[in-house]
Ligand SMILES: C[S@@+](CC[C@H](N)C(=O)[O-])C[C@H]1O[C@@H](n2cnc3c(N)ncnc32)[C@H](O)[C@@H]1O
């Protein structure tokens, strides 16, 4: 049975907040990644993040050894370039930024989007995620086509972006990036390693990531396999009221998790985007963290 703990109990690891995002990504955990990482055991072996997205927890933890995986190839191209050639990531951004500033903003944005849609790639995705509307890149479920319009804000200047690249390059220097389905990444974890899962668990997120139907049941099986090998697994689950009821219906195998933590995450980015124009004064939500240990 899951044991509920109030936030603040049994913090294992002290992790400083790191709120500098490299990528803007729907569902990113940047603002409270340090609260999540605080529940990881001390002296962990290798850190695995199989649903990497913008890697908020990875960047905050800055592990000595890590593996970051994601099923979305253009996204992993960005991480791979960051690891092997940070100068290339800077160049990708700076070229697109300068064309954007030199020309008509929307036209230039649409050009990058068209190039991405003609051949999905990391270089264009990087600029789209920094400059699109609401900082939330969306993809059509059917074919992964990007439909997000140009943002109203100015994307950050290359000088400041370059500084972020340097910081993230340092923080992820011990991490290998892989384009892989989560189960392949998790299969590699061994005794005393930590796996942090932040899956696209809700219907709305499936649409936003252009992901295929995601089976939580399958994920629970893979988590159980990890646990039986002595791997520590932490799983984030949306804690909004709506999905709170959803959580009760999840096929969580008996005894799989030992603790459930409510992480304070302020306002949900996804809800804010969907409820544009509405007041969200009472929308303070919690993110749930389930721990196998
Ligand atoms: C909720 S997001 C992760 C957000 C991340 N924690 C952050 O801070 O940005 C989920 C990620 O899982 C990826 N994903 C979806 N299905 C996957 C699968 N079957 N295997 C691996 N990654 C997958 C998506 O591309 C997306 O980047």
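Listing for the model above:
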{"quantity": "Cα centroid separation - the range 137-183 against the range 37-54, whole Å", "calculated": "19 Å"}
{"quantity": "Cut-off 20 Å, label 7 Å out along Cα→Cβ of residue 102, residues of the range 142-163 by amide N", "calculated": "154-162"}
{"quantity": "Theoretical FRET efficiency, 1/(1+(r/R0)^6), r = Cβ-Cβ of residue 225 and residue 91, R0 30 Å, to 0.05", "calculated": "0.15"}
{"quantity": "Highest-first arrangement of 44-52, 14-22, 28-36, where packing means the average Cβ count within 10 Å", "calculated": "44-52, 28-36, 14-22"}
{"quantity": "Label-point gap, in nm, between residue 73 and residue 143 - each point 7 angstrom along Cα→Cβ", "calculated": "1.6 nm"}
{"quantity": "Potential extension, residue 153-residue 16 segment - 0.36 nm per residue separation minus Cα distance", "calculated": "46.4 nm"}
{"quantity": "Shape of the range 63-173, Cα gyration tensor, a/c cut at 1.5", "calculated": "oblate"}
{"quantity": "Difference of contour (0.36 nm per residue) and Cα-Cα distance, residue 173 to residue 215", "calculated": "11.9 nm"}
{"quantity": "Cβ crowding within 10 Å averaged over residues, with 177-183, 88-94 ranked highest first", "calculated": "88-94, 177-183"}
{"quantity": "Cα convex hull of the range 84-149 - mean projected area over all directions, nm²", "calculated": "4.6 nm²"}
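None of the figures in this text is laboratory data; all of them are computed from the coordinates on show. Not measured: the values here are computed from a predicted model. Using ideal geometry, Cβ is built from the backbone for each residue, glycine included, and neighbour counts are taken over all protein chains shown.
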